[in-house]
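The values are calculated or read from the model by the stated rules, or taken from the named source; none is laboratory data. Being a predicted model, the structure only gives us computed values, none of them experimental. Please note: Cβ atoms are built from the backbone with ideal geometry, for glycine as well, and neighbour counts cover all protein chains shown.
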Amino acid sequence: MKLILASASPRRKELLRYITENFTVRVSHADETVPAGLTPEETVKYLSRVKADAVFTGSKDEVIVASDTVVVIDGAVLGKPHSEEEAVQMLRTLSGRTHTVYTGVCVRTAAEERVFAERTDVTFYPLTEEEICAYVATGEPMDKAGAYGIQGKGSLLVKKIDGDFYNVMGLPVAALSRVLDRL
């Protein structure tokens, strides 16, 4: 079986290497429009399935792994910021509070599809305006859901986590490893 990661994310590639070095990347260019009314958990499961479907060729020797991650606070989904100003606003919202990170994963073969989501709660320290602006100036927040990367300088913002650390990075490797072992 050929393992294929449906993502261009360097973080997801790094994390999948914890499970195996033997995979290739096939970037999904799927439409990520989400139907109205889905919960955050349903959203990441839906999008991971859409991404997997977009790269699946129907081959019986392929195993597709696709995922999607969102940050949620007060019922609002925080995606990737579109500007530095939006990143600053997201970090102000997260400052001193606990938010939830959901990552949905779809593992697809010609014979079956397994879709699951992991949840991790993350608490930030209270942040000063100076800390927020200095972090945004690094550029790190710009391609990350919720405007931070827990594996980088964003780790300095985090007071505690409850759940899978790697889920916050975008791929819950322990849960995924178990799903792949069962195939």
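Structure notes:
- Within the stretch 52-66, the residues that satisfy the criterion of being surrounded by fewer than 21 Cβ atoms within 10 Å (Cβ to Cβ) and under 9 Å from ALA30 (Cβ atoms) are ASP53, ALA54.
- Where a residue in the stretch 79-105 is modelled with pLDDT under 95 and its partner, wherever it lies, is in a helix (DSSP H, G or I) and not hydroxyl-bearing (Ser, Thr, Tyr), with Cβ under 7 Å and at least six apart: GLY79/ALA145; LYS80/ASP143; LYS80/ALA145
- Every pair of residues 6+ apart whose Cβ atoms lie under 6 Å, when the first sits in the stretch 134-145 and is within 24 Å of ASP68 (Cα to Cα) and modelled with pLDDT of 95 or more while the second is surrounded by 13 or more Cβ atoms within 10 Å (Cβ to Cβ) and among the hydrophobic types (A, V, I, L, M, F, W, C): VAL136/ALA87; VAL136/VAL88; PRO141/ALA87; PRO141/ALA147
- Some residue of the stretch 135-143 being of a type in the set (A, V, I, L, M) and closer than 21 Å to SER7 by Cβ: yes
- Conditions (1) touching a strand residue (DSSP E or B) at 6+ places or on another chain (Cβ under 6 Å); (2) within 30 Å of LEU183 (Cα to Cα); number of the one not met by LYS159: (2)
- Test result for VAL88, under 22 Å from GLY163 (Cα atoms) and either crowded, with 17+ Cβ neighbours inside 10 Å or touching a Lys or Arg at 6+ places or on another chain (Cβ under 7 Å) (or both): no
- With a requirement of 1 or more residues that are among the charged types (D, E, K, R), the strands (runs of 3 or more DSSP E) lying completely within the stretch 65-183 that satisfy it span 98-108, 113-124, 158-162.
- Restricting the stretch 5-25 to residues that are crowded, with 18+ Cβ neighbours inside 10 Å and either out of contact with any strand residue (DSSP E or B) (no Cβ under 9 Å at 6 or more places or on another chain) or without any contact (Cβ under 8 Å) to a residue 40 or more places away in the chain (or both), the residue that is farthest from LEU180 (Cα to Cα): ARG11
- A count restricted to the stretch 45-55 and to residues that are in contact (Cβ under 8 Å) with a residue 24 or more places away in the chain and in contact with a Ser or Thr (Cβ under 9 Å, 6 or more places away or on another chain) stands at 7.
- When the stretch 28-49 is filtered for residues that are β-branched (Val, Ile, Thr) and in a loop (DSSP other than H, G, I, E, B), the ones remaining, listed by number, are THR33, VAL34, THR39.
- Among the candidates PRO172, PRO141, the residue that is surrounded by 15 or more Cβ atoms within 10 Å (Cβ to Cβ), under 22 Å from ALA30 (Cα atoms) and not polar (S, T, N, Q) is uniquely PRO172.
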